Amino acid sequence: MSKHIILSLLLLLPSLTSASYPTSGPAITDRYWDCCKPSCGWKGKASFNSPVFSCDSNNTHLSDFDAGTGCNGGNAFLCADQSPWAVNDTFSYGFAGASFPGYVEDAWCGACYQLDFTSGEVKGKRMVIQVHNTGYDVHTANRFALAIPGGNTSYAAACALQYGVSNTVFGEADVGLITASQCDKLPKALQAPCHWRFNWFLDAQRPTANFTRVECPAVLTNRTGTIRDDDKTFVTQSSAQKSVYSPYLLAGFLALLSGIVLI
């Protein structure tokens, strides 16, 4: 058998076998915007080229990944451009905090996921998000907390510190803004993604979703500066495609490999 064929099959194997981290399944979603430095913005959180960018009070990327979080009086905050935007009526990009029961941050920091919403007003819509933060609030389910300005208020008043406004501008504690008109009172850089919640997301309240790990698109990594070492292992395809083809491809590969060993 050609060495080139064997090498190609060996290179294909990682995409056919299960990764050591969750790569697909059901999840719950909610929303947040606390202006804190993203948890994935610290060094050593995962195997990646760089931690997630944080920003100063002018939304300029910081090069100092050791800078303290604004939630503890530091000068590193969540960047305004790590917020959602719509591509069309059924597809959007965005960012999220994540958690999977039984795993820690190296499982998700910097990873990208396709979210196919399965309930509520956004049922049938899809997002591709990059995880820039961690949400340990829920311990019993896979969770993605979508980063949406006005999604809730900062428990540490970091938004007030970052933008020099009253924290009440960002809404009620643990709730956030209630109406689309309140988005116009947010700092200018946050108004459009706040309106996204009401226009594209239809103000959905904690819709469920099916998630699938995918290779990160440049439109997201350009905003975070983060690419995981295992990113190329994942290709952008639906979970349906994976479930249909992967078992047959893997079985064929193993049979072929067995034949090679026998030879």
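The values are calculated or read from the model by the stated rules, or taken from the named source; none is laboratory data. A quick note: this is a predicted structure, and the numbers were derived from the prediction, not measured. Using ideal geometry, Cβ is built from the backbone for each residue, glycine included, and neighbour counts are taken over all protein chains shown.
Where in region 44-160 are the strands (runs of 3 or more DSSP E), entirely inside, with at least 3 residues that are of a type in the set (S, T, N, Q)? I'd like the intermediate steps shown before the answer.
Numbers: elements: 91-99, 112-117, 126-134, 143-147.
Filter on region 44-160 gives 126-134.
Say we look at region 208-232 and pick out the residues that are β-branched (Val, Ile, Thr) and assigned to a helix (DSSP H, G or I); which of these is surrounded by the most Cβ atoms within 10 Å (Cβ to Cβ)? In this case the residue turns out to be 224.
Taken across region 176-192, residues that are out of contact with any Leu (no Cβ under 6 Å at 6 or more places or on another chain), on the phi > 0 side of the Ramachandran plot and assigned to a strand (DSSP E or B) do occur, with at least one present. For residue 126, the conditions (1) at pLDDT 95 or above; (2) within 20 Å of residue 79 (Cα to Cα); (3) surrounded by fewer than 24 Cβ atoms within 10 Å (Cβ to Cβ); (4) not acidic (Asp, Glu) all hold with the exception of (2). For region 20-37, a residue qualifies if it is closer than 19 Å to residue 229 by Cβ and crowded, with 20+ Cβ neighbours inside 10 Å, and exactly one does: 22.
Yes/no matrix, rows are residues, columns are (1) crowded, with 17+ Cβ neighbours inside 10 Å; (2) of a type in the set (Phe, Trp, Tyr):
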position	(1), (2)
142	yes, no
145	yes, no
163	yes, yes
180	no, no
188	no, no
199	no, no
206	no, no
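Checking each residue in region 38-53 for being surrounded by fewer than 24 Cβ atoms within 10 Å (Cβ to Cβ), touching a residue at least 60 places away in the same chain (Cβ under 8 Å) and over 23 Å from residue 187 (Cβ atoms) picks out 45, 46, 47, 48, 49, 50. Scanning region 81-120 for residues that are closer than 22 Å to residue 48 by Cβ, of a type in the set (Gly, Ala, Ser) and buried (at least 16 other Cβ atoms within 10 Å of the Cβ) turns up 83, 94, 96, 97, 98, 99, 107, 110, 111. Across region 58-80, the number of residues qualifying as surrounded by fewer than 13 Cβ atoms within 10 Å (Cβ to Cβ) and closer than 16 Å to residue 34 by Cβ comes to 2.
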